[in-house]
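Have a look at the structure below, then the notes.
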């Protein structure tokens, strides 16, 4: 048999087949596009969700309460932004080291001699305050001749609010812990000490006090036993000095404001530790105590050790040149430790000047160690004006300082 002829293709069928193929191809493309769109939509939705969550979390973190750590010491302290920016490591305590029994090494107060000559200088300082219509009831003064061991004062044993002068005491307590092997690395504290002493920075002081006492600013503690544990730890800094004759000293309160903790004033546990709101417990020292610590640090080099005293006294050194005063104002902001304080009146004399000043809207304080470079005159002057009138008077401390300097130099001249 011959081969059967193949039927001729139907053009219509071919057209339909081509149409179906094209439609199938388009359908595949559409499905592919739909899948891509669905994936894109899912990605966008996921990104939106994560972004929303991120923004919400960021708000929660940036708008957190003033205090952030509820456990007593199970979390690391919060650090100021400048410490994070500088990538500062958190100073680490060596294991098994407990500073609770550590006390200041100079157990016996110096045996100063009362001086009638110095008393006359102090009386003239008080008279100067009176002439400027400043109250003398909230005024305290201590003047020490470092070379002779003579002393005089006015209400020098009255406990008063010291403002940032208190930071000298925290520095000494810190160096005692460092030298007694409590901390792994002294260098980890350098920027904190620099800012606390040279710039009088409250954020740095807050970190140092927290680390010294192993406490943190945090919400109130309702449990009495738990609060007592926290309070005993914070008050270790008082015990450190009281055991060495610094009678009734209280240096356990932070200085405010503390921006990184959102604490314009004492709140939560920092307020709780103050006790009765009508008569709150505040930092209190005398001008004699501040002058004694300066004497043992910059005068005799006994504070903690001679090496530590030299370092600490170095942190207190001030450059009195007017151009440096201007530079420091630009660098540090509102507070300048020379302008409106003792050093302002002494920029024209050849001296070494070491000081810590304090200021609030209701008080002005300063403790200074002054030495002429020829070695003929060395003295310590500490003045606390615990009244708003002293805070507002921008010239009284420089005038007091110059009066004392001229009289001390004249007294030691041949």
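Observations on the structure shown:
- Each residue in the stretch 97-117 was checked for being over 35 Å from the mean Cα position of the chain (by Cα) and crowded, with 19+ Cβ neighbours inside 10 Å, and 1 of them qualify.
- Scanning the stretch 238-264 for residues that are without any contact (Cβ under 8 Å) to a residue 12 or more places away in the chain and more than 17 Å from residue 166 (Cα to Cα) yields a single hit, 264.
- Screening residue 247 on (1) part of a loop (DSSP other than H, G, I, E, B); (2) farther than 19 Å from residue 103 by Cα; (3) over 13 Å from the mean Cα position of the chain (by Cα) shows it passes everything except condition (2).
- Residue within the stretch 174-188 that is touching a helix residue (DSSP H, G or I) at 6+ places or on another chain (Cβ under 7 Å), free of Cβ contacts under 8 Å to residues at least 40 places away in the same chain and within 26 Å of residue 261 (Cβ to Cβ) present: yes
- Residues in the stretch 214-236 that are in contact (Cβ under 8 Å) with a residue 40 or more places away in the chain and either touching a strand residue (DSSP E or B) at 6+ places or on another chain (Cβ under 9 Å) or outside the structural domain of residue 260 (by TED's automatic domain parsing) (or both): 214, 217.
Per-residue answers, yes or no, for (1) in contact with a strand residue (DSSP E or B) (Cβ under 6 Å, 6 or more places away or on another chain); (2) in a helix (DSSP H, G or I); (3) modelled with pLDDT under 95:
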site	(1), (2), (3)
118	yes, yes, no
124	no, yes, no
147	yes, no, no
151	yes, no, no
157	no, no, no
167	no, yes, no
170	no, yes, no
176	no, yes, no
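- Any hit, the stretch 99-107, residues being in the same structural domain as residue 235 (by TED's automatic domain parsing) and without any contact (Cβ under 8 Å) to a residue 40 or more places away in the chain: yes
The values are calculated or read from the model by the stated rules, or taken from the named source; none is laboratory data. In this text the structure is predicted, and so the values were computed from the model without any measurement. Cβ sites come from the backbone with ideal geometry, for glycine too, and all protein chains shown count toward neighbours.
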